[in-house]
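Would you mind keeping the following structure in view while I ask a few things?
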Protein chains: 2
Amino acid sequence: MAVRGGEIEPTRIMVAVNESKTNGYPHASESCTAAFEWTLKTIVRNNASRLKILLIHVQLPDDEGGSDHVIVDNIYSSPEDFKHMKRRDLFGAIRLLGYFMKQCQDVGVACEAYLKEGVPKTIICCEANDARPDLLVVGSRGLSLSTFRKIFIGSVGEYCLKHADCPVIVIKHSPPETPQSTLDDSTTL
Amino acid sequence: MAVRGGEIEPTRIMVAVNESKTNGYPHASESCTAAFEWTLKTIVRNNASRLKILLIHVQLPDDEGGSDHVIVDNIYSSPEDFKHMKRRDLFGAIRLLGYFMKQCQDVGVACEAYLKEGVPKTIICCEANDARPDLLVVGSRGLSLSTFRKIFIGSVGEYCLKHADCPVIVIKHSPPETPQSTLDDSTTL
């Protein structure tokens, strides 16, 4: 919450999102959905006008060594921005960001989406350190084995805790929500 | 944010606080002050009526093996609750909690204070797991050496990240705020 030109700026919260391909069809992973929903219910609540969500999704490079950087290396501020993007390799990423942006619109919280390419944990930290949000929220798969549940915070979460300049929250799954399949959340978090 | 009996409950944020004895005089440590102030400015903002702060301070046992448990093992809801407590060994702890409770009162956010005794990191986690806040916030001393600054999250922070059931934020110091003396924050965080 900074004051610039007499106006109080919103609290900016960056939320990392990723896809899951459980059942063969891409959709938002359970871990990032839990992180996003935690952010809405605990922090945004009905204080939406004072907050801004920065969604970040990091696409892994394709086999040919890269995607369309005009599309990938960009920031989007409305679901409408994605309407004319139909590249097959980016369809999932665009759908993912559009899905969460729509939810932000529904609760009236401002939102920007960052679509980037590279190694998720390093890119998330780099972007967080550039964008300087007040808080970075990432999900964690957790493990269904109770012995390990509490000590597992995920590789992306652990990396961000160590390398992001801003405060970081890792949202751990509670056991019933833990994905049964290792395919879920397999790409990043 | 749970709904009970038709009423939406406030988001409950537990903040761990501790003393520092820099310059020989006890006062709130820089790390817990940073964590508390971060909570007020980033999350509470002017949404105070929807939130509740749970302050927790864990007193180390004295040399004789314990303090007055009527005083220590209790929860307080107003600075007035501390007025008649003058035991010398608890004076600092009571002053510390009163100091932060007063700030909560000033911004209009509800507050409870937990005064406990034992090993800080384990007691903080036990109390958090009992009280089930939506979020636990702890400070971290950080280190003034830039190489280590980003990877140091403090022993209490690290323990809570692994063992608390709720999401945890560790507020790291930025370099200029890092205490120069190792005496600061020496007791817990």
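The values are calculated or read from the model by the stated rules, or taken from the named source; none is laboratory data. Keep in mind it's a predicted model, so treat the numbers as computed, not measured. In this analysis, Cβ positions are derived from the backbone assuming ideal geometry, glycine residues included, and neighbour counts consider all displayed protein chains. In case anyone asks, the SASA skips ligands and DNA or RNA and just uses the protein heavy atoms, side chains included. Shrake-Rupley method; radii C 1.70, N 1.55, O 1.52, S 1.80 Å.
For the structure I just gave you, tell me whether A:Lys150 is modelled with pLDDT of 50 or more and of a type in the set (Lys, Arg).
No; evaluated as a whole, the condition is false for this residue.
Scan the range A:48-55 and give yes if some residue there is under 19 Å from A:Pro133 (Cβ atoms), at pLDDT 90 or above, in a helix (DSSP H, G or I) and not small (Gly, Ala, Ser), otherwise no.
No, there is no match, as no residue in the range A:48-55 is under 19 Å from A:Pro133 (Cβ atoms), at pLDDT 90 or above, in a helix (DSSP H, G or I) and not small (Gly, Ala, Ser).
Now for a separate question. Taking only the range A:11-47 into account, find how many residues are open to solvent by 10 Å² or more (accessible area, probe 1.4 Å), within 14 Å of another protein chain (Cβ to nearest Cβ) and either on the phi < 0 side of the Ramachandran plot or modelled with pLDDT of 80 or more (or both).
The number of residues fulfilling the criteria is 8.
For (1) at pLDDT 95 or above; (2) assigned to a strand (DSSP E or B), each residue gets a yes or a no:
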position: B:Gly92; (1), (2): no, no
position: B:Gly98; (1), (2): no, no
position: B:Asp130; (1), (2): yes, no
position: B:Lys162; (1), (2): no, no
position: B:Asp165; (1), (2): no, no
position: B:Ile171; (1), (2): no, yes
position: B:Thr187; (1), (2): no, no
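Restricting to the range B:97-123, and then to whatever is among the hydrophobic types (A, V, I, L, M, F, W, C) and within 14 Å of another protein chain (Cβ to nearest Cβ), can you tell me which residue is farthest from the chain's Cα centre (by Cα)?
B:Val107
Hey, another quick one. What are the residues in the range A:101-124 that are under 15 Å from A:Leu51 (Cα atoms) and touching a residue at least 40 places away in the same chain (Cβ under 8 Å), if any?
Residues satisfying the conditions are A:Met101, A:Gln103, A:Cys104, A:Val107, A:Gly108, A:Val109, A:Ala110, A:Cys111, A:Glu112, A:Ala113.
Then there is this: Could you list, in sequence order, all residues of the range B:125-141 that are within 14 Å of chain A (Cβ to nearest Cβ) and either in contact with a Leu (Cβ under 9 Å, 6 or more places away or on another chain) or in contact (Cβ under 8 Å) with a residue 12 or more places away in the chain (or both)?
Of everything in the range B:125-141, those that are within 14 Å of chain A (Cβ to nearest Cβ) and either in contact with a Leu (Cβ under 9 Å, 6 or more places away or on another chain) or in contact (Cβ under 8 Å) with a residue 12 or more places away in the chain (or both) turn out to be B:Cys125, B:Ala128, B:Asn129, B:Arg132, B:Pro133, B:Asp134, B:Leu135, B:Leu136, B:Val137, B:Val138, B:Gly139, B:Ser140.
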